[in-house]
Amino acid sequence: MFDRDLIKHGKEFLADLSNHKYEVADDGLFLPASQVFLRGEYEDDYGITPNLLPTQGMVYILNCALYSTAKLNNFYLALYSGNYTPTNALTAANFAATATEITSGTEGYSNATRPAWLPPAAATVDSIDNYADKSVFNIVTASQVTIRGAALLSDPVKGSTVGTLVSAAKFANDRIEYNGNAYSLGYRVRAQGA
């Protein structure tokens, strides 16, 4: 039932977002006129953290699903260390500086790029995720790395200011990681009728 509603009301969703007729909830975005919640969450060894799907991410998702915008082929997870709570104004252009993205290969993680987010299959219900095979950050540091949040972006380059930012979250508690740790991170996004 929900899939038919999503297709039937797609233009309304886009209009609601474009006209700022939505409510930011603690765990996502609510479109009151259509009674739909769009939400996402990050999962690591510390637990599950709800995210924010900022305006740039929501517009991208809806335009790809319900309009003719071409789908981006790949997405990547990024970590940040700033004491920053994401807002709807967060974009790929301002993420690295605003959230203090962890980009160092000697005091951060040794991966040459942001790890890819690779869902194993297309969504068949109301969500899609990489929980079965989480993205891994190979931690390198002389002491410790403090991770305060994460984001999902379309560009693999650490610190990049191009592309699309789909999601971001500040963790309720800092993640403290040490040299040699493999920090695993999963991401899920879902659309649900209220």
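Below, the figures for the structure above:
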| item | result |
| --- | --- |
| Residue-normalised accessible area of the chain, expressed per residue, 1.4 Å probe, Å² | 48 |
| Signed unit charges on C-beta, dipole axis of the chain, positive-most listed residue Asn173, Leu185, Thr91 | Thr91 |
| Count of Lys pairs (Cα-Cα under 21 Å; at least 8 positions apart or interchain) in the chain | 7 |
| Charge dipole (debye, nearest 20) of the stretch 143-194; +1 at Cβ of Lys and Arg, -1 at Cβ of Asp and Glu | 140 |
| For the stretch 69-141, size of Cβ-based charge dipole, Lys and Arg +1, Asp and Glu -1, in debye | 120 |
| Solvent-accessible area, 1.4 Å probe, carbon plus sulfur percent, for the chain | 52 |
| Nearest-20 debye value, the chain charge dipole, Cβ charges on Lys, Arg, Asp, Glu | 380 |
| Where labels lie 7 Å past Cα in the beta-carbon direction, separation of Ala112 and Gln35 in nm | 5.1 |
| Residue among Tyr60, Ala121, Ala78 farthest towards the positive dipole end of the chain, charges placed on Cβ | Tyr60 |
| Estimated distance in nm for a label pair at Ala93 and Asn138, the labels positioned 7 Å out from Cα along Cα-to-Cβ | 3.5 |
| In nm, spacing of pseudo-spin labels at Ala121 and Lys21 (7 Å Cα→C-beta vector) | 3.7 |
| Local electrostatic count, Asn83, Cβ distance below 15 Å [Lys/Arg +1, Asp/Glu -1] | +1 |
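The values are calculated or read from the model by the stated rules, or taken from the named source; none is laboratory data. Everything numeric here is computed off the predicted structure, so don't read it as measured data. Cβ sites come from the backbone with ideal geometry, for glycine too, and all protein chains shown count toward neighbours. With ligands, DNA and RNA removed, areas are computed over all heavy atoms of the protein, side chains included. Shrake-Rupley method; radii C 1.70, N 1.55, O 1.52, S 1.80 Å.
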